[in-house]
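The values are calculated or read from the model by the stated rules, or taken from the named source; none is laboratory data. Note that this is a predicted model, so its numbers are computed, not measured. Reconstructed Cβ throughout: ideal geometry from the backbone, glycine too, with neighbour counts over all protein chains shown. Accessible surface areas use protein heavy atoms only, side chains included; no ligands, DNA or RNA. Shrake-Rupley method; radii C 1.70, N 1.55, O 1.52, S 1.80 Å.
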Amino acid sequence: MTPMGAATRYILVVAHTGREDSLEAGVRVSRQLLAAGVVPVLSADERRDLLAADPSLERVAVLGDDVASSELELVIVLGGDGTILRAAELVRGCSAPLLGVNLGHVGFLAESERDDLETAVARGLAKDYEVEERMTLSARVKVGREVVYESWALNEATVEKASRERMLEVVIEVDGRPMSSFGCDGVVMSTPTGSTAYSFSAGGPVVWPGVAALLLVPLSAHALFARPLVVDADSSLAVELLDRTGGAGVLWCDGRRPFDLPPGARVVVRRSPIPVRLARLHPGPFTDRLVHKFDLPVTGWRGPAGRD
């Protein structure tokens, strides 16, 4: 890496520069960082898009070429949850927390909205935030005795059918013991953070982020017993693709990084030792975030009359 001064501060900006509003936000944030004497860092592709929009931003550094992820102080993410998941992948294993500014729809992982962009950046510059660690998953694919693929996820690892016409035949397992076998469209294995994402859409429970647990939610299962499961965070979950039907599958980690699963493959999911760190500007009850993000009806609530 090229040193840019012993006291230089580096903040990564991750933006969906293919969208006009996100590109504009990236320009605004980069200008604000430079004005504060901080070097904005972007991926090579996003820096190119940024310079095309504002050639005066030539002092923006490139992640991996000019600055290593280990040198980052903070990651400012401009977009929805998908952009935050991409940012988490970029800085996997480094200590810099992610500060999300929602430019999407629900934006469950984001900490601020687009109207508060400058304030959020100012608080990031002042290190005026709390860091919250979120559990992640490790996913391993085995074929026979051989490990053929390994990845990780913040929200979920999902085994899905590869062919629209043919369902998967699977056996699900908890802590090394078989639990049930059925045909299905797939199986979602989720963290509490992911309980409001794909798992939620599939009928799984909402689990508060502070709960140490793993979730397993079958997708369109043909079985009498195919209920969502919540197990201990130190448990292991596994999905085996039965080869008797010849059905192939695909493993998706956070809806990214697909890996083809042949019949007979086995996907094992455990808690990863590497968390994702989120910068929180507004620490508060998860209940309030749930009500706000999902616009839940609470009209008429008067609050507890006394101490519960």
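Odds and ends about this structure:
- Of all the criteria given as (1) more than 30 Å from SER22 (Cβ to Cβ); (2) buried (at least 19 other Cβ atoms within 10 Å of the Cβ), the one not satisfied by VAL143 is (2).
- Residue-level check: of (1) at pLDDT 95 or above; (2) surrounded by 12 or more Cβ atoms within 10 Å (Cβ to Cβ); (3) at negative phi, PRO273 misses just (2).
- The set of residues in segment 63-85 that are farther than 25 Å from ASP128 by Cβ and either open to solvent by 40 Å² or more (accessible area, probe 1.4 Å) or more than 23 Å from the chain's Cα centre (by Cα) (or both) comprises GLY64, ASP65, ASP66, GLY82.
- Test for VAL41: is it out of contact with any Ser or Thr (no Cβ under 8 Å at 6 or more places or on another chain), surrounded by 14 or more Cβ atoms within 10 Å (Cβ to Cβ), over 21 Å from GLY107 (Cβ atoms) and modelled with pLDDT of 90 or more: yes
- Matching option when the condition is under 24 Å from the mean Cα position of the chain (by Cα), surrounded by 22 or more Cβ atoms within 10 Å (Cβ to Cβ), under 20 Å from CYS253 (Cβ atoms) and polar (S, T, N, Q), among SER151, SER190, SER201, SER138: SER190
- If you filter segment 185-219 down to residues that are of a type in the set (A, V, I, L, M) and assigned to a loop (DSSP other than H, G, I, E, B), you find that the one that is nearest to SER138 (Cα to Cα) is ALA212.
- Of everything in segment 109-134 that is buried (at least 22 other Cβ atoms within 10 Å of the Cβ) and assigned to a loop (DSSP other than H, G, I, E, B), the residue that is nearest to the chain's Cα centre (by Cα) is LEU109.
- The set of residues in segment 170-184 that are touching a strand residue (DSSP E or B) at 6+ places or on another chain (Cβ under 7 Å) and either crowded, with 21+ Cβ neighbours inside 10 Å or not in a strand (DSSP E or B) (or both) comprises VAL170, ILE172, CYS184.
- Segment 229-247, residues that are surrounded by 20 or more Cβ atoms within 10 Å (Cβ to Cβ) and closer than 27 Å to ARG289 by Cα: LEU229
- Criterion: at pLDDT 90 or above, surrounded by 14 or more Cβ atoms within 10 Å (Cβ to Cβ) and within 18 Å of SER199 (Cα to Cα) - qualifying residue of ALA279, ALA265, ALA221, ALA226: ALA221
- Cβ separations smaller than 7 Å between residues 6+ apart or across chains give the following pairs from segment 152-165 residues that are within 16 Å of GLY183 (Cβ to Cβ) to residues that are at pLDDT 95 or above and surrounded by fewer than 17 Cβ atoms within 10 Å (Cβ to Cβ): GLU160/VAL250; ALA162/VAL250; ALA162/ASP260.
- Of the helices (runs of 4 or more DSSP H) contained entirely in segment 1-100, those carrying at least 2 residues that are farther than 30 Å from TYR198 by Cα, free of Cβ contacts under 8 Å to residues at least 60 places away in the same chain and in contact with a Leu (Cβ under 8 Å, 6 or more places away or on another chain) fall at 20-35, 44-53.
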